[in-house]
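Just so it is clear, none of the values below were taken in a lab; they were calculated from the coordinates. Predicted model, so just to flag it, every value in this text is computed and none were measured. With ideal geometry, Cβ positions are generated from the backbone for all residues, glycine too; neighbour counts draw on all protein chains shown.
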Amino acid sequence: MTEAANIDAWRQQALRDHFSVGDAALVERYRQGDSAALERLVVKYQNRIYNVVLKICADPDDAAELTQETFVKIIQNLHKFEGRSGFYTWAFRIAVNLTLNYCQRNARLTVRSLDAEQEQYGSQERQALKDYLSDGSSPDAAVVVQRKELYEIATKALMRLDEAQRAVVILRDIEGMSYARIAEVLDIELGTVRSRLSRARSRLREVLEAISR
């Protein structure tokens, strides 16, 4: 086997190892002194956590700092992780709580009433938010230009929700989390997740309709 083939085989094996080792095993390996295990957890989740934080706080610099702070707290508290929930859920709980607390302290968002009547959350509004909030980007400049106005509308609408409503919309409609997992991440009752999401969607519909007039 040639040297190039050996390198390629090594890379493929490393890739298989990366996806075959579960989060719980990586946590345990880190506790036993394997610092590389922690690095793998960071690499696995850092972009996803950053994207969620950014969508809540709406500031790239703040999101970067909060993401870094999240992993600092993860490292400081990893010895307390008992595995009652998945590492993914535990890490997201830390990130979301840090971000919500930061937003509340800095009064960056206008708190809105949660008393709006429930309305149907239209597919067009949902798609506008998904288009804006998705991590991918289109290489077609014409498509980007055509969607610019839609993105701006979606941004304005999302930023008019209070941070608690925005978090539940992002976790459910963008991240695709189950209601049960959202309840774990936000440390709230399952019924609260449902009612908060319903009110948030209703509020989004009102805001989107007002903006687009």
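Quickly rank 182-190, 160-168 as a protection proxy: mean count of other C-beta atoms within 10 Å, highest first. All intermediate terms of the calculation are to be shown ahead of the outcome.
Numbers: 182-190: 17.6, 160-168: 22.6.
Packing proxy ranking, top to bottom: 160-168, 182-190.
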Checklist entry - In nanometres, what is the gap between the two model label sites at residue 31 and residue 159, each 7 Å from Cα along Cα-to-Cβ? => result 4.4
Checklist entry - Taking other Cβ within 10 Å of each residue's Cβ, how do 44, 156 sort, fewest first? => result 156, 44
Item to check | residue 190 paired with residue 43, simple spin-label distance in nm, labels 7 Å along Cα-to-beta-carbon | outcome: 3.7
Item to check | Hz values of 3J(HN,Hα) by residue in the stretch 67-82 - Karplus curve (6.51, -1.76, 1.60), Gly and Pro given as x | outcome: 5, 5, 5, 4, 6, 4, 5, 4, 5, 5, 10, 5, 5, 8, 5, 9
Checklist entry - Once the piece of chain linking residue 97 and residue 61 is laid out straight, how much longer is it, given 0.36 nm per residue of separation minus the C-alpha distance between them? => result 11.2 nm
